[in-house]
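The values are calculated or read from the model by the stated rules, or taken from the named source; none is laboratory data. Everything numeric in this text was worked out from a predicted model, so none of it was measured. Neighbour counts run over all protein chains shown; Cβ positions are idealised from the backbone, glycine included.
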Amino acid sequence: MTCKKCGAQLPDDTKFCPECGETVSAQPAEANIQPPANADVQYAAVPTPAADKYQGFSMKWHKFLVYFALWAGALVNLFSGFSMLTGAQYGDASDYVYAVFPKLKTADLIGGVLTLLAALLAIVTAINLIKLKRGAPKLLTATYVAALLSGIVYIVLAISAMNGLASIGDLLQPNVISNMVMSVIMIFVNYIYYKKRSSLFVN
């Protein structure tokens, strides 16, 4: 402690100042403790658990969907949709194909529009999932259901337009089958995944 009269440094149990003879009284030890000048800045910089918007859930699959899978799927559907609308999937034979099967052009137009709508829905879904919007997981399910149904509708229309000359087996190419199977898998996988994380989507 410090002598109040002369300022000399004294042991805590000193009763008289050896320098000036002043009587000194014991001071509480904590009285000499001073907080650091930058204490407020130091405490303000400590992060709080509330900053974790994912509440401790592992979100690797979520990030894969919203930053890659949905956008990649949307790009593929945009390309496919415009190809169907313009007949580009038939290459240079599009005029011949439509001359032989005139109703097929209508089927391609409907299929193209449905495919473009599925692409738009995928983009909207990705944005809603990123923002943790309420109902975003249900929108994700609707996205894959829409992709599955648009494929089925197009196959039915195409078979009808070709007057029975093409069967389901002719139209179900390996890539078409894989896309439909993937849509079914994604519906169930994402339902289970996001059901466990439903508390995150409250915005």
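Key figures
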{"item": "Per-region count, the range 48-72, residues at pLDDT 90 or above and in a helix (DSSP H, G or I)", "result": "13"}
{"item": "Qualifying positions in the range 88-135 - in a helix (DSSP H, G or I) and either at positive phi or not assigned by TED's automatic domain parsing to the domain that holds L65 (or both)", "result": "G91"}
{"item": "Residue within the range 147-160 that is among the β-branched types (V, I, T), under 30 Å from R197 (Cα atoms), surrounded by fewer than 16 Cβ atoms within 10 Å (Cβ to Cβ) and in contact (Cβ under 8 Å) with a residue 24 or more places away in the chain present", "result": "no"}
{"item": "Selection within the range 136-170 - of a type in the set (S, T, N, Q) and either part of a helix (DSSP H, G or I) or at pLDDT 90 or above (or both)", "result": "T141, T143, S150, S160"}
{"item": "Cβ-Cβ under 6 Å pairs, at least 6 apart or on other chains, the range 123-134 side modelled with pLDDT of 95 or more, far side buried (at least 20 other Cβ atoms within 10 Å of the Cβ) and not in a helix (DSSP H, G or I)", "result": "none"}
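Quick grid of which residues meet (1) of a type in the set (G, A, S); (2) under 18 Å from V156 (Cβ atoms):
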{"residue": "S94", "(1), (2)": "yes, no"}
{"residue": "K103", "(1), (2)": "no, yes"}
{"residue": "T106", "(1), (2)": "no, yes"}
{"residue": "I110", "(1), (2)": "no, yes"}
{"residue": "L116", "(1), (2)": "no, no"}
